[in-house]
Amino acid sequence: MKFSLKVQVAHKGVAEGSALVYRKPFPFSDINPENGLIDVPEHELKGANICDKVLVYPCGCGASTEDWGLYILKKAGHAPKAIINGRRIFYIHITGAMLADIPMVYGLDQNCLNLIRDGDHIKVDAEKGFIEVNRKGQPE
Amino acid sequence: MLTLNQEEEKALNGGYGSTIQKAMDHLVKVGEALGARRMVKVSRAHLLSMEVADILYELTYRMLEKVQVRIPTTTNPLAVDLNRAGEMNIPRDIIEAMQPGIHRLTQLHKNAGVLPTYSCHPHYLHELALGQRVAFTEFNVAPLANSWFGARTNLGGQTDALASAVTGKAPECGLYLMENRWGEVVIEISGEVEPDKFDSSDYGALGYWAGQVCVDRIPVYVGLKKDISSRQVEYMGVGQVLAGSLGMMHIVGVTPESPTMEDALGRGEPEEKFVFGKKELAKVYAELNTAKKTKVDMVCLGCPHCPIEEVIKIAQLLYGKRIEKNVRLWIGTSQPTYFLAKQMGLVDIIEAAGGFVLCNVCAGTGLLLRFADRLGVQVVANNGLTLSGLVSRRTRGKVGVYFGNIEQCINAAITGYWEGKKHEI
């Protein structure tokens, strides 16, 4: 199965990777810069590795340090490939994507966001403003 | 399509030097990301100074190098009071490691003309007005500016606030525009939780729960008491941002833009309605009380900084008492509050009891994020929810947190133990 969705661009670039989906507001500070793992106790994604993933979450949350959270991850070599957000974007996360130079898009309503599942192969084109979702093992 | 005026073009093309160019470039990129059509003037900015990490200095230096801020620019607390670190029993090597960073940051502020408020409350220096555009970072300040004063700011980060400070501009998008400020969901506070008797921590819990259920949709609260204070709204705002992407709320009859429910909703229908009752309140307390042991190593009040009424309450609770020998009690305040408290004899009462009333610095959150183990802190009690939302989560549970009201916190400082939770499930 394969489909495309139109998105708004928060930070330009083109990247692709496997989707890691979280259905709640997400702060970058939940990721350990030393290994790229989400290691917050009782986190639904505890143990998940964000390295080279396309991170999908409805919007960000958290303190002002979110501003450079992604940059720290990038410098440590444990950053996601791209980020997809829902309808809106957490203002501070835009700067985060800029500093880290990671393609970031948003503008998907709840229904569209729900179409994306863990493990989908996603191409994020934050130049032209679309994402392409590929799911193995399902008919076109 | 973002259109710039002549002056903004010139700034973007380097006509005012490379720092201003970087600042304008940042504002343009954010504006393009959010569909702004023009830049607007902002009249105040508020920066972050608490993080001890080099990255904060790097980002700040990038935007303040060889320039002066163009609008009154305040800043939030520093990480630690270097002059009192010894008596506060903070290991010397931590202080020595932090000292150069704090000095170069304060020097940078001085050179750039940043007002050294070092306070969580920039409005203590400049009142904010309805419709006034400002560029504030910090998760307590921005929602308060929007929701209590009716001023307008996005939930910007350090770079956003700095870029606005040196240019006096911000892209017109997000919460600067009325169309993005309307309430979208309604939260009704059920009578069963007795909102008239809410403590500071209950307001924080409410905001946190709202952040979880609203996600990115602006809430309209109904059923709160009419004489709610700015401090209580501030706690709600902190909760909202720690749990969701919500820099704004409406409290009908309180938020200047929302005298009625119709005004709050922009004459539209709410997308969804929620009820905040006993079950919801208990759920938040269960989630934010992460400590396992009942022995408390530290009590941290004033994150965000205590207003004078909280310092009065703390002094009343501590009058003639002595806190447990091995417990640290740190209370963060801003300059006006500190001097008032000093004059009123409150600082002496609290410090005679063994606590520290701090001024210009963070109540401890910044230090705990990095040095909790060196400070010997495994369990900390607080009444705001920053420690639960930040310290406990970021230290991956190594620091356990108790979250309750001021009485419970002071009681823990005196006895050395946390005594029962107010809200059992």
Item to check | Residues satisfying the stated conditions in the stretch B:198-237, i.e. small (Gly, Ala, Ser), touching a strand residue (DSSP E or B) at 6+ places or on another chain (Cβ under 7 Å) and modelled with pLDDT of 95 or more | outcome: B:210, B:223
Item to check | Candidate set: the stretch A:56-92, residues that are more than 8 Å from chain B (Cβ to nearest Cβ) and touching a helix residue (DSSP H, G or I) at 6+ places or on another chain (Cβ under 6 Å); chosen: the one modelled with the lowest pLDDT | outcome: A:69
Next on the checklist: Checking the condition surrounded by fewer than 22 Cβ atoms within 10 Å (Cβ to Cβ) and part of a helix (DSSP H, G or I), which residue from B:162, B:130, B:144, B:108 passes?
Outcome noted: B:108
Checklist entry - Can you name every residue in the stretch B:35-59 that is in contact (Cβ under 8 Å) with a residue 24 or more places away in the chain, of a type outside the set (Ser, Thr, Tyr) and outside any loop (DSSP other than H, G, I, E, B)? => result B:39, B:40, B:41, B:45, B:46, B:47, B:54, B:56, B:59
Next on the checklist: I'm checking my understanding of the structure. Among residues of the stretch B:313-363 that are basic (Lys, Arg) and not in a helix (DSSP H, G or I), which one is farthest from residue B:379 (Cα to Cα)?
Outcome noted: B:321
Checklist outcome for this item: Checked B:88, B:98, B:39 against criteria (in contact with a strand residue (DSSP E or B) (Cβ under 7 Å, 6 or more places away or on another chain), of a type in the set (A, V, I, L, M, F, W, C), surrounded by 14 or more Cβ atoms within 10 Å (Cβ to Cβ) and closer than 30 Å to residue B:377 by Cα); the one match is B:88
Checklist entry - For the subset of the stretch B:8-51 comprising residues that are in contact with a Phe, Trp or Tyr (Cβ under 9 Å, 6 or more places away or on another chain) and among the β-branched types (Val, Ile, Thr), which member is nearest to the other protein chains (Cβ to nearest Cβ)? => result B:30
Checklist outcome for this item: Across (1) among the charged types (D, E, K, R); (2) closer than 30 Å to residue B:325 by Cβ; (3) surrounded by 23 or more Cβ atoms within 10 Å (Cβ to Cβ), residue B:51 clears everything bar (2)
Checklist outcome for this item: Residues of the stretch B:178-230 being within 24 Å of residue B:131 (Cβ to Cβ), among the hydroxyl-bearing types (Ser, Thr, Tyr) and touching a Leu at 6+ places or on another chain (Cβ under 7 Å), in sequence order, are B:230
Checklist entry - Does residue A:112 fit the bill of being more than 14 Å from chain B (Cβ to nearest Cβ) and touching a His at 6+ places or on another chain (Cβ under 6 Å)? => result no
Checklist entry - Is at least one residue of the stretch B:386-396 more than 19 Å from residue B:201 (Cβ to Cβ), surrounded by fewer than 24 Cβ atoms within 10 Å (Cβ to Cβ), over 20 Å from the mean Cα position of the chain (by Cα) and modelled with pLDDT under 95? => result yes
Checklist entry - What do you reckon, is residue B:301 within 18 Å of residue B:384 (Cβ to Cβ), in the same structural domain as residue B:232 (by TED's automatic domain parsing) and in contact with a helix residue (DSSP H, G or I) (Cβ under 9 Å, 6 or more places away or on another chain)? => result no
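The values are calculated or read from the model by the stated rules, or taken from the named source; none is laboratory data. The shown structure was predicted, so the numbers you read here are calculated from the model rather than taken from an experiment. Because the Cβ atoms are built from the backbone with ideal geometry, glycine has one as well, and the counts that use them run over all protein chains shown.
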